[in-house]
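In what follows, a structure is listed as structure tokens, so that the remarks can point back to it.
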Amino acid sequence: MGEAGTGAGTGSDGAERPEERLERAVRAAEQALIEFEIAVETFRVEVENFSRLHHQRLGPMYSRLDELEAQIAEARAASTGDPEDVRKAQEARARVMPMPGIEELFHDWLDSDGLSPEASAMLTDQPVRPPQRVRPSDEARKLYRELVRKAHPDLAQDETERARRDEFISRVNAAYGRGDEALLRELSEEWAAGPVPEEWQPSRSEELYSRLEWLSQRKELLALLARELEESAIGGMLKIAPDDPDRLLEEIAEQLLAQVSERETELAGLLDSGSSSDA
């Protein structure tokens, strides 16, 4: 008596169907793309948060350096009268950030209850809370990765399911960007309690080939974004000390303070020299 039948994924001669090989290739490509997207998004959040901290802590020092450079160039031009020195002074002055407007001065000072706690502290001479650390915790990163792997829109099999996943992942990304570990836990529970998507079924060869092509194009776009992040100034700094960016900020601050001191000394010397020649 012969066998009852052949496997669903094989032909009458036991050979594997082409669609089955394509199915495996598509699934592997989907998982690889999701993992890559998680890595890119994680790095993007880190770059964005580090950029914010960099601006908060070091922005005033950069502004002070620009102002000193302009004053030095102007003092040198006034001393020599050389047209080239005058041109350099004008360029240095143009690089100095203009005085911020009222809206910029009060940025993040106002909330729904009026003055923010930081603004109130400043106006009452109370200690100001330092910039909040917004880098996601290790647990938040773990929760984020798990949620993206489970709920990624690319795993949807119809537009309704894709829309549901898109909306959910947007909330996941927002929570991760804020480093909100508690909300990520809630979202994990919400997804676990939600409708279970139907198991993915093999498609025709043409559809699978089309899917592979789309995944390849998506990977290229993500690779471009990753390269732009890595080649950016902030991304380059973050790659120097990915595990301790706060220490890197401290080192940069020390270097900037030293440069400020040097420029102040240089400016004082030029001004003294100018005063002596006038006398």
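The values are calculated or read from the model by the stated rules, or taken from the named source; none is laboratory data. Keep in mind that what you see is a predicted model, and the values were worked out from it rather than measured. Neighbour counts run over all protein chains shown; Cβ positions are idealised from the backbone, glycine included. SASA here: full protein model, heavy atoms, side chains in, ligands and nucleic acids out. Shrake-Rupley method; radii C 1.70, N 1.55, O 1.52, S 1.80 Å.
Cα centroid separation, segment 54-77 to segment 215-274: 15 Å. Once all protein chains are placed together, Arg95 keeps about 150 Å² accessible to a 1.4 angstrom probe.
Shown are Glu41, Glu231, whose ranking by accessible area with a 1.4 Å probe and every protein chain present, most to least, is Glu231, Glu41. Asp158 contributes an accessible area of around 80 Å² to the protein surface, as traced by a 1.4 Å probe with all chains present. Projecting the alpha carbon convex hull of segment 138-183 along each direction and taking the average yields 2.9 nm².
For the peptides 235-246, 172-183, residues were scored by their other Cβ atoms within 10 Å and the scores averaged per peptide; the highest-first order is 172-183, 235-246.
Per-residue SASA remark: Thr160, around 110 Å² accessible (1.4 Å probe; ligands, DNA and RNA not included). In this rough spin-label picture, where each label sits 7 Å from Cα along the Cβ direction, the Ala192-Leu224 distance is 4.0 nm.
Of the accessible area of segment 135-261, computed with a 1.4 Å probe over protein heavy atoms only, carbon and sulfur atoms account for 50 percent. Approximating the spin labels as points 7 Å out from Cα along Cα→Cβ, the Ser232-to-Glu91 distance works out to 2.8 nm. The residues packed around Ser232, meaning those with a beta-carbon under 13 Å from its beta-carbon, carry a net charge of -2 if Lys and Arg are +1 and Asp and Glu are -1.
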